[in-house]
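The structure appears below as structure tokens.
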Amino acid sequence: MKSILTIVLSLCLAHPLIAADSPEETLVRYRAELAACRTAHGGSYDVPDVKFFLFGMGARAKLLYRDGILFDAKSGSELLRWKVRKEIIVPPDYAVTLETEDGAVITLREDSEAVWLEQDGKRTAVEGTKSPVKLMDFAGKKFPRVLRVLHQELLVNIVEAGPVPNFFVYEKPWYRDSAMVALALRETGNLDLLKPWILGLREPFDKNNKGETEADNLGQALFLVSLVGDKNHPLVAKVLAEVPRFEKTDATGKYILGRSDFADHPVYQTKWLKYGLRSLGLPDPYIIPKVADSYGALFWMDYKDQHVAGKDSNDRGPYPYLGWACDHFHGTKKSPLSNRDYPLTWEKNASEANYGGLRIIAPIFAEKKISPPHTWHAAEAFLVLLAESDAARDAVLPK
């Protein structure tokens, strides 16, 4: 018969989210893995040195821990306060452990069931957080701890309105960002968290960029619907009715052309439309135009053989999701993660972001107009690292 110690050790090895090590030891391992990930890809990018952690993945209340205080992250109201002698934030364990001035040890920890407050041998769910999410440990992947943190940065930005890029600075979801979030959450079995929002969609365009009707939204809307519904969803007919006004025809065939991020991107827009149509089993009469498009490499999900080389929009500073997407398309490794333990992702100087919402974390984020974490960045990095791990696994499997 196995001893209890043997059973516990085997469980901890099989499930890295079960803490076999102290928080300090786990953090050391995470930092080593994070350094290796940065070295393998594009290094790091300076983000303000503010220690905080967000709780509330999926449909849960959003909580902010900072400097011994637990806040309601949406309202800014203080929920709990401790006089802290020592704190340790362990992002891949979704945990903050505190030692108070009177010697008590308190842990805030999030798991697949809820956010828990652990103290005096008792564990209590924080109000508003009992809602299921599917969490993976990514055992066997190349950077499992980094993947866990990127997954959390996606899940924590799902709010009642839908999946937003960063809930402090954006009130509404963007179809472009949301489609990438959906691609990532499909990999982890969490599409049910997006289902109510997707089923409620009725507009072909999100109109978040100064009210513009961006042509890529058409394909993104169709793709989103395909994940939880079918071609009978009310939005599908509305999208198809809008497509003709974007159609262009040349000697090679028909495609769409409009504006996305205030510029023409016919390759990117047509690829999204074709992808959405195919996802719903709808007729597709469109060809991908044989022109250079700076957004062409942002669409890496299919049609990679239909690409005209040109100057890519591969920003790896303020808009790092562009660089990660181009890396995914070209197979390069040039894009950074933040230089902090958490968050790993960000966006900077976005025209439609309300950076004042970040003052609850620290005024410096509003002053520098930088919003960590950011879901498009998290999704692109997550999907690159996941694909990289799968490619490495396939390379060693017997043919």
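The values are calculated or read from the model by the stated rules, or taken from the named source; none is laboratory data. These figures come from a predicted structure and were not determined experimentally. For neighbour counting, all protein chains shown are included, and Cβ atoms are generated from backbone atoms with ideal geometry for every residue, glycine included.
A few points about this structure:
- Any hit, segment 344-358, residues being out of contact with any Asp or Glu (no Cβ under 6 Å at 6 or more places or on another chain), surrounded by 14 or more Cβ atoms within 10 Å (Cβ to Cβ) and of a type in the set (Ser, Thr, Tyr): yes
- All positions within segment 180-193 that are closer than 18 Å to GLU380 by Cα and in contact with a strand residue (DSSP E or B) (Cβ under 6 Å, 6 or more places away or on another chain): VAL181
- Residue in segment 271-293 that is modelled with pLDDT of 95 or more, closer than 27 Å to TRP346 by Cβ and touching a Lys or Arg at 6+ places or on another chain (Cβ under 8 Å) present: no
- All of ASP230, ASP206 fail the test of being of a type in the set (Asp, Glu), farther than 15 Å from ALA379 by Cβ and surrounded by fewer than 17 Cβ atoms within 10 Å (Cβ to Cβ), apart from ASP230.
- Single unsatisfied condition, VAL133 versus (1) crowded, with 19+ Cβ neighbours inside 10 Å; (2) without any contact (Cβ under 8 Å) to a residue 60 or more places away in the chain: (2)
- Test result for ASP293, closer than 24 Å to ALA251 by Cα and buried (at least 17 other Cβ atoms within 10 Å of the Cβ): yes
- ALA114 being closer than 20 Å to VAL28 by Cα, surrounded by 14 or more Cβ atoms within 10 Å (Cβ to Cβ) and of a type in the set (Gly, Ala, Ser): no
- Those residues of segment 154-207 which are polar (S, T, N, Q) and in contact with an Asp or Glu (Cβ under 8 Å, 6 or more places away or on another chain), in sequence order: ASN166
- Considering the conditions (1) surrounded by 15 or more Cβ atoms within 10 Å (Cβ to Cβ); (2) free of Cβ contacts under 8 Å to residues at least 24 places away in the same chain, ALA251 is excluded by exactly one of them, (1).
- Identity of the residue in segment 379-399, among the small types (Gly, Ala, Ser) and farther than 10 Å from ASP177 by Cα, that ends up modelled with the lowest pLDDT: ALA395
- Within segment 353-368, none of the residues are modelled with pLDDT of 95 or more, of a type outside the set (A, V, I, L, M, F, W, C), over 30 Å from ILE89 (Cα atoms) and in a helix (DSSP H, G or I).
A quick yes/no check of all residues on (1) free of Cβ contacts under 8 Å to residues at least 40 places away in the same chain; (2) over 27 Å from LYS368 (Cβ atoms):
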| position | (1), (2) |
| --- | --- |
| LYS142 | no, yes |
| LEU147 | no, yes |
| LEU154 | no, no |
| LYS172 | yes, no |
| SER178 | no, no |
| PHE205 | yes, yes |
| THR213 | no, yes |
